[in-house]
Amino acid sequence: MVKELDPEQTRRAQAFRLWMKAPMPMLTFFKTLDVTRLVRHTRHGLKFNALMCWCIGKAASALEEFYVLPVGDKLLGYDELSVSTVVATDNGDISTCDIPFSEDFQIFYRDYLELTERVRRSGRPHDLSNERMVIGTSALPSCEIDGAVNIYAGIYNNPFLIWGKYRRGLFKTRLPISFQFHHSQMDGAQAAAFLVNLQEYIKGLSIRP
């Protein structure tokens, strides 16, 4: 469910006044994650991208800032989250797929497989933006990148994570990521807390195959 909020009645009142009219209100943080645990789970047939998306949703769900989003000149409030991924379609194009976040990984993973396959076949996006706050992601698993600063068009203000190919070491596997967010939605402290949460959920992930 989505509803319009009065910014002055929220914790984001000052940030909303300061940054909604800024010509470039987006910030980008860079962090290198230890994803050794996720890679181990892929040996049991689980998809790395799905594991990442679930951990992102889990980390975001603990912070109230992820349940609000500046859209146009409004601040919208959401009850639930979704994590979006980019899908290569059968017609050679790409499209987006919003997966509803569930605390239960098995439910999320089932939806991930079903919905991304539907988008792959149809070429049409699966859009939950009218129902849930969407956290965008884009993976470039064939490219070794240190991070990316996404474009800002003034339309899509959602938080967005980008990563490339993970890097295997002797004992650990690391993944550089970039995290872009709208300053009206959260400050640096909340963004940093999200990245700390994300690393902790990745390290503590334990899923039965």
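The values are calculated or read from the model by the stated rules, or taken from the named source; none is laboratory data. No experiment lies behind these values; they were computed from the predicted model shown. Note that we place each Cβ from the backbone using ideal geometry, even for glycine, and neighbour counts take in every protein chain shown. To get the accessible areas, we keep the full protein, side chains included, count just its heavy atoms, and leave off ligands, DNA and RNA. Shrake-Rupley method; radii C 1.70, N 1.55, O 1.52, S 1.80 Å.
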Test Val83 against the criterion of being surrounded by 14 or more Cβ atoms within 10 Å (Cβ to Cβ) and closer than 30 Å to Ile207 by Cβ, and give yes or no. yes
Of all residues in region 180-209, which are surrounded by 22 or more Cβ atoms within 10 Å (Cβ to Cβ) and either acidic (Asp, Glu) or outside any helix (DSSP H, G or I) (or both)? Gln180, Phe181, His182, Ser184, Gln185, Met186
I need every pair where a residue in region 136-157 that is over 22 Å from Leu175 (Cα atoms) has its Cβ under 7 Å from the Cβ of a residue that is assigned to a loop (DSSP other than H, G, I, E, B) and not hydroxyl-bearing (Ser, Thr, Tyr), sequence separation at least 6 or different chains. Tyr152/Met24
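Looking at this structure, is Thr96 over 30 Å from Phe171 (Cα atoms), open to solvent by 30 Å² or more (accessible area, probe 1.4 Å) and either among the small types (Gly, Ala, Ser) or at pLDDT 95 or above (or both)?
Criteria met by Thr96.
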Can you confirm whether Ser138 is closer than 16 Å to Met52 by Cβ and surrounded by fewer than 20 Cβ atoms within 10 Å (Cβ to Cβ)? yes
Could you pull out the residue among Tyr152, Tyr156 that is open to solvent by 30 Å² or more (accessible area, probe 1.4 Å) and either within 14 Å of the chain's Cα centre (by Cα) or more than 23 Å from Phe30 (Cβ to Cβ) (or both)? Tyr156
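Residues are listed down the side, and each one gets a yes or a no for (1) modelled with pLDDT of 95 or more; (2) aromatic (Phe, Trp, Tyr); (3) within 10 Å of Thr28 (Cα to Cα):
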{"position": "Gly136", "(1), (2), (3)": "yes, no, no"}
{"position": "Gly147", "(1), (2), (3)": "no, no, yes"}
{"position": "Lys165", "(1), (2), (3)": "yes, no, no"}
{"position": "Gly169", "(1), (2), (3)": "no, no, no"}
{"position": "Lys172", "(1), (2), (3)": "yes, no, no"}
{"position": "Gln180", "(1), (2), (3)": "yes, no, yes"}
{"position": "Met186", "(1), (2), (3)": "yes, no, no"}
{"position": "Ala191", "(1), (2), (3)": "yes, no, yes"}
Test result for Arg110, of a type in the set (Lys, Arg) and crowded, with 20+ Cβ neighbours inside 10 Å: no
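To keep it simple, each residue is scored yes or no on (1) within 28 Å of Gln199 (Cα to Cα); (2) touching a residue at least 40 places away in the same chain (Cβ under 8 Å); (3) open to solvent by 30 Å² or more (accessible area, probe 1.4 Å); (4) among the aliphatic types (A, V, I, L, M).
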| site | (1), (2), (3), (4) |
| --- | --- |
| Val2 | no, yes, yes, yes |
| Ala13 | no, no, no, yes |
| Pro25 | yes, yes, no, no |
| Phe30 | yes, yes, yes, no |
| Leu33 | yes, yes, no, yes |
| Arg37 | yes, yes, yes, no |
| His41 | yes, yes, no, no |
